[in-house]
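K.L.:
After the structure tokens below, expect a handful of questions from me.
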Amino acid sequence: MKCDEIHPALAALFDDELQPADRKLVEGHLETCVQCRYKLAELSSLRRILRGGPTLRAPEALAKAVISDLQAQRHAGRGFRHHWAAAAMACTVLLAIGSLALWSWRSYDDAGRLERHDVISAHARSLLGGSPIAIASSDRHVVKPWLTARVPYAPAVREPAVEGFEFLGARIDVITDRPVATLVYKRRQHLINLFVWPTREKATTAAQYADERGYGMYRWVAKGLVYYLVSDLDAAELRTLQVQVCCGK
């Protein structure tokens with residue numbers, strides 16, 4: 001099946017509403033398609049955002065119209081792809097409502113919470129499959145020029161001196177609607193991402209640890225740049241690398 005046929009079914013898969021045969025088709029496609037797995041992860045991320053925001057009710061007339069259309073599709077006895085199309089229409093309406101809720105939430109939510117959400121989402125996406133790096137090199141003299149050609153600032157690129165940590169390379173991510181440099185490290189089988197971008201915060205801050213959605217992260221500010229170091233490593237091991245990339249020791 002093609003991606004444009006799978007996309008309408010992702011919400012139904014997420015809600016466990018597919019028939020066994022349809023579920024097998026979708027899951028089989030997801031096993032080999034990174035793009036569709038990415039879209040499924042985005043759907044999951046959006047739902048987590050909406051659950052954390054304010055509760056908004058859809059207009060009664062809109063809710064009735066969506067339910068009526070879905071019931072008509074069911075009674076018509078059409079194939080599963082027609083049901084997916086109807087579900088996609090309903091999902092589009094609900095996502096539009098969700099976007100309004102998200103906009104309202106962002107209007108009063110603190111910037112730090114948005115940063116953390118986007119950072120964790122970018123880290124999770126890097127684990128989905130494919131390569132987590134756009135330039136593969138352990139040489140900072142290769143990686144830094146590659147980054148500065150793509151973002152309007154020059155992040156420090158440090159290779160860890162502690163045994164057991166590897167510097168793999170870098171990529172560009174989007175955090176709070178801006179392109180940011182991401183340096184990629186590894187310890188054993190654990191991927192570690194260091195997100196770096198300019199900040200308006202003037203003061204240098206010490207690294208603060210937080211645990212969110214199953215991942216640990218250190219955040220600090222130095223020389224006009226904010227840093228997020230994220231992994232599923234335990235806090236002590238992640239701190240070892242944080243000292244290396246922060247202070248170069």
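K.L.:
Please enumerate the residues belonging to the range 198-208 that are of a type in the set (A, V, I, L, M) and modelled with pLDDT under 90.
P.N.:
Once the filter is applied, which keeps residues that are of a type in the set (A, V, I, L, M) and modelled with pLDDT under 90, the range 198-208 yields only ALA203.
K.L.:
Restricting the first residue to the range 157-173 and requiring it to be outside the structural domain of SER138 (by TED's automatic domain parsing), which pairs with a second residue that is surrounded by fewer than 16 Cβ atoms within 10 Å (Cβ to Cβ) and modelled with pLDDT under 85 meet a Cβ separation below 6 Å and a spacing of at least six or different chains?
P.N.:
Matching pairs, first to second residue: none at all.
K.L.:
Inside the range 186-227, can you point out the residues that are out of contact with any helix residue (DSSP H, G or I) (no Cβ under 9 Å at 6 or more places or on another chain), under 20 Å from LEU127 (Cβ atoms) and among the polar types (S, T, N, Q)?
P.N.:
GLN189
K.L.:
List the number of the failed condition for PRO160; all other conditions in (1) in a loop (DSSP other than H, G, I, E, B); (2) loosely packed, with under 14 Cβ neighbours inside 10 Å hold.
P.N.:
With respect to (1) in a loop (DSSP other than H, G, I, E, B); (2) loosely packed, with under 14 Cβ neighbours inside 10 Å, PRO160 is out only on (2).
K.L.:
If SER121 satisfies all but one of (1) surrounded by fewer than 17 Cβ atoms within 10 Å (Cβ to Cβ); (2) of a type in the set (S, T, N, Q); (3) assigned to a helix (DSSP H, G or I), what's the number of the condition it fails?
P.N.:
So the condition that SER121 fails would be (1).
K.L.:
Among the residues of the range 7-29 satisfying the criterion of being within 20 Å of LEU127 (Cβ to Cβ) and surrounded by fewer than 16 Cβ atoms within 10 Å (Cβ to Cβ), which is modelled with the lowest pLDDT?
P.N.:
PHE14
K.L.:
Turning to a different aspect of this structure: Mind telling me which of the residues VAL245, VAL230 ends up being within 18 Å of LEU114 (Cβ to Cβ) and either surrounded by 18 or more Cβ atoms within 10 Å (Cβ to Cβ) or out of contact with any helix residue (DSSP H, G or I) (no Cβ under 8 Å at 6 or more places or on another chain) (or both)?
P.N.:
None of the other options fit; the residue is VAL230.
Here is a yes/no grid of residues against (1) at positive phi; (2) among the β-branched types (Val, Ile, Thr); (3) modelled with pLDDT under 90; (4) assigned by TED's automatic domain parsing to the domain that holds ASP139:
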{"position": "THR182", "(1), (2), (3), (4)": "no, yes, no, yes"}
{"position": "ARG188", "(1), (2), (3), (4)": "yes, no, no, yes"}
{"position": "VAL196", "(1), (2), (3), (4)": "no, yes, no, yes"}
{"position": "ALA210", "(1), (2), (3), (4)": "no, no, no, yes"}
{"position": "GLY214", "(1), (2), (3), (4)": "yes, no, yes, yes"}
{"position": "TYR228", "(1), (2), (3), (4)": "no, no, no, yes"}
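Table: residues versus (1) touching a Pro at 6+ places or on another chain (Cβ under 7 Å); (2) of a type in the set (Val, Ile, Thr).
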| residue | (1), (2) |
| --- | --- |
| PHE165 | no, no |
| ILE175 | no, yes |
| ALA181 | yes, no |
| TYR209 | no, no |
| ARG219 | no, no |
| ARG239 | no, no |
| VAL243 | no, yes |
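K.L.:
List the number of the failed condition for TRP146; all other conditions in (1) within 14 Å of ASN193 (Cβ to Cβ); (2) surrounded by 13 or more Cβ atoms within 10 Å (Cβ to Cβ) hold.
P.N.:
Here TRP146 clears every test but (1).
K.L.:
Let me ask something else about it. Take ALA96 and tell me if it is at pLDDT 85 or above and either within 30 Å of ASP22 (Cβ to Cβ) or surrounded by fewer than 17 Cβ atoms within 10 Å (Cβ to Cβ) (or both).
P.N.:
no
The values are calculated or read from the model by the stated rules, or taken from the named source; none is laboratory data. From a predicted model like this one, the values you see are computed outputs, not experimental measurements. Methodologically, a virtual Cβ is constructed for each residue, glycine included, from the backbone with ideal geometry; neighbour enumeration extends over all protein chains shown.
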